[in-house]
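Right, one structure below, let's go through it.
The values are calculated or read from the model by the stated rules, or taken from the named source; none is laboratory data. Computed from a prediction, not measured in an experiment: that's the story for all the values here. A quick note on method: Cβ atoms are made from the backbone with ideal geometry, for glycine too, and the neighbour counts reach across all protein chains shown. Ligands, DNA and RNA are stripped out before the accessible areas are found, and what is left, the full protein with its side chains, is counted by its heavy atoms. Shrake-Rupley method; radii C 1.70, N 1.55, O 1.52, S 1.80 Å.
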Amino acid sequence: FDLLGLPPEAWTRWMELVAANDRGHIRGMQEVGATMDEIVAIRAADRAAQGITEEQEQQAAAAVLQAESLCGGRLTIVRLPHNRTATVADRLAPELGGPGYENLLVLSSEELNFFGQGRLVLLLDQHFPGGWYGGSLPERGFWGYAGVVPQVTDLLIRELA
């Protein structure tokens, strides 16, 4: 906002929610006092901005039904036929009616994506450099990597065992 040279009074509630969503997904929005209607609207706008199709939404719904729970429920793995992970993360979010997850690994043919404990995000980045990460670190965050690296699952299972 500062880089754009905009005055503080131009900052809106929508911008605050988008920024909170970017940093911390639903939890981030809750931290700034978002209502359920605001959360639903921001998440829908986020998925629309990503160009997520209805077919991808349906594929995610089917993939979530096949989710694996490992390490005493501390790791959820979902295999997705595309890389639109918001379709999975939103469906699993308890705030949106899902069962929840502590740590989530989404595997697709194009990339790997992890959402969860900050220490695991940083560990994945250390072991598999060249990906991307962010979020509300060091508490929680996300990590992604283009391509398929089977060792990611093994590393997470060892860390959560």
Quiz item: Only one residue in GLY33, GLY51 is out of contact with any strand residue (DSSP E or B) (no Cβ under 7 Å at 6 or more places or on another chain), under 23 Å from TYR145 (Cα atoms) and part of a loop (DSSP other than H, G, I, E, B), so which one is that?
Solution: GLY51
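Mind listing whichever residues of the stretch 1-21 are acidic (Asp, Glu) and either exposed (fewer than 11 other Cβ atoms within 10 Å of the Cβ) or touching a residue at least 24 places away in the same chain (Cβ under 8 Å) (or both)?
Step one: filter the stretch 1-21 for residues acidic (Asp, Glu), giving 2, 9, 16.
Answer for the stretch 1-21, where residues must be acidic (Asp, Glu) and either exposed (fewer than 11 other Cβ atoms within 10 Å of the Cβ) or touching a residue at least 24 places away in the same chain (Cβ under 8 Å) (or both): ASP2, GLU9.
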Quiz item: closer than 16 Å to ARG91 by Cβ and either in contact with a Lys or Arg (Cβ under 6 Å, 6 or more places away or on another chain) or outside any helix (DSSP H, G or I) (or both), is that true of ILE39?
Solution: no
Exercise. Taking the residues in the stretch 72-126 that are of a type in the set (Ser, Thr, Tyr) and open to solvent by 10 Å² or more (accessible area, probe 1.4 Å) as candidates, determine which candidate is nearest to MET36 (Cα to Cα).
Key: TYR101
Quiz prompt | So ALA61, is it touching a Pro at 6+ places or on another chain (Cβ under 9 Å), without any contact (Cβ under 8 Å) to a residue 60 or more places away in the chain and of a type in the set (A, V, I, L, M, F, W, C) | solution = no
